[in-house]
Amino acid sequence: MKLLLAADLHITSKTPLSRVDDYPSTQMGKVRWIAGLAKEAACDAVLVAGDFFDSPVQPYPLLAEYIYLLTEQFPPVYCVFGQHDTAFRRRQNTALAFLEELGLVTVAGRKPISLGEGLYLYGASYDEEIPVPRKRNWGANILLAHLLVTDGKLWPGCEELFPLRKVSSWAPGYSLVVCGDNHETLVHEGRSCTVFNPGSLMRSRVDQREHVPVVGIWQSSSCTLEMVEVPVLPAQEVLDFESKEESQEFLSLMESFVAAVKDYDVGVDFLRNLSLAVKATKGLPPLVKRVVYEAVERCGYGKL
Ligand SMILES: [Mn+2]
């Protein structure tokens, strides 16, 4: 059996400030390319390790296009929820839950899903516990999880909860662990388990200029992973290196707004405080406003 492995698609209808192209259509092109690869490589299923969508609410036309794509072009798709797929950490009434309702994706969890050929798939969505597999036969168990796997500390003093090389301590009994959340590509092929963190499909910020998006193809009979690069345009053609969002001027404007919000003490409702602070701050640059509003929406809190 062959499985195509991906993560952090972050499907959206919005173009990030740092991109100069039509981001949603570039993104759809990549998802189409993944479907084509799955077909060409004769993959039996596609696994997506969370952050399928960039935010829990998506416009109908975008959903319609992806529904068509999943129905017509994809083999069965298994996934877990990333934090970006949830609203207030809840799954109800989200775009990914909608795809699940339609039967276009299957969400993996504690109960093993038989993929055939003696293979079992378990899942851990964001913030969920990692299931302990029932049987520990070699080559039998796959974990799909949205958790921050790390290869070295992200910052000094950072506690590494899921170190890449110590997978047998946090996910024992699996021969393949596919992770999402960390947008960098990480892979570790240990003696009994391969950990693969595909990384993000898109380069949404200038600091991702070196990132080369990849997907994996897992051959279960030999327990081998092949990484395939997703075709992309050169960073200079799609990323705006002069982007205002990246400029020192913008960062200092943002910092002074954040400092002002800290002094803005009106009640316990954070969103209300934030909204009042935005309105009360005289001369707040429109770009700062836009970034604040988008961040709130992206976190699943709706419109501020
Ligand atoms: Mn993500």
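The values are calculated or read from the model by the stated rules, or taken from the named source; none is laboratory data. None of these values were measured; they are calculated from a predicted model. Note that each Cβ is placed from the backbone with ideal geometry, even for glycine, and that neighbours are counted across all protein chains shown.
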Reported set for region 96-130 where residues are touching a strand residue (DSSP E or B) at 6+ places or on another chain (Cβ under 6 Å), over 30 Å from THR12 (Cβ atoms) and not hydroxyl-bearing (Ser, Thr, Tyr) is PRO112
List, please: which pairs have Cβ atoms under 7 Å, are six or more places apart or on different chains, and start with a residue in region 68-83 that is in the same structural domain as ALA7 (by TED's automatic domain parsing) and end with one that is of a type in the set (Ser, Thr, Tyr) and modelled with pLDDT of 95 or more?
PRO76/THR106; TYR78/THR106; VAL80/SER125; PHE81/SER125; PHE81/TYR126; GLY82/TYR126; GLN83/TYR126
State yes or no: is LEU201 touching a strand residue (DSSP E or B) at 6+ places or on another chain (Cβ under 9 Å), of a type in the set (A, V, I, L, M, F, W, C) and part of a strand (DSSP E or B)?
no
Being without any contact (Cβ under 8 Å) to a residue 40 or more places away in the chain, under 30 Å from PRO172 (Cα atoms) and crowded, with 16+ Cβ neighbours inside 10 Å narrows VAL278, VAL292, VAL214, VAL195 down to just VAL214
Do you know which residues across region 1-46 are within 16 Å of the ligand (Cβ to nearest atom) and assigned to a helix (DSSP H, G or I)?
TYR23, GLN27, LYS30, VAL31
Are any of the residues in region 127-138 assigned by TED's automatic domain parsing to the domain that holds ALA6, in contact (Cβ under 8 Å) with a residue 40 or more places away in the chain and within 13 Å of the chain's Cα centre (by Cα)?
no
Qualifying position, being within 15 Å of LEU17 (Cβ to Cβ), modelled with pLDDT under 90 and among the hydrophobic types (A, V, I, L, M, F, W, C), among LEU251, LEU239, LEU274:
LEU251
Single match in GLY152, GLY118, GLY109, GLY103 (criterion: crowded, with 16+ Cβ neighbours inside 10 Å, of a type in the set (Gly, Ala, Ser), away from the ligand (no atom under 16 Å from the Cβ) and farther than 18 Å from VAL31 by Cβ):
GLY109
Give the residue that is farthest from LEU63 (Cα to Cα), with candidates limited to residues of region 1-18 that are surrounded by fewer than 21 Cβ atoms within 10 Å (Cβ to Cβ) and in contact (Cβ under 8 Å) with a residue 24 or more places away in the chain.
MET1
Answer residue from region 155-189, given it is touching an Asp or Glu at 6+ places or on another chain (Cβ under 7 Å) and under 18 Å from THR224 (Cα atoms) and is farthest from the ligand (Cβ to nearest atom) among those
LEU164
Does at least one position in region 161-179 carry a residue that is surrounded by 13 or more Cβ atoms within 10 Å (Cβ to Cβ), in contact with a Pro (Cβ under 6 Å, 6 or more places away or on another chain) and part of a loop (DSSP other than H, G, I, E, B)?
yes
Would you call PRO75 away from the ligand (no atom under 16 Å from the Cβ) and not in a helix (DSSP H, G or I)?
yes
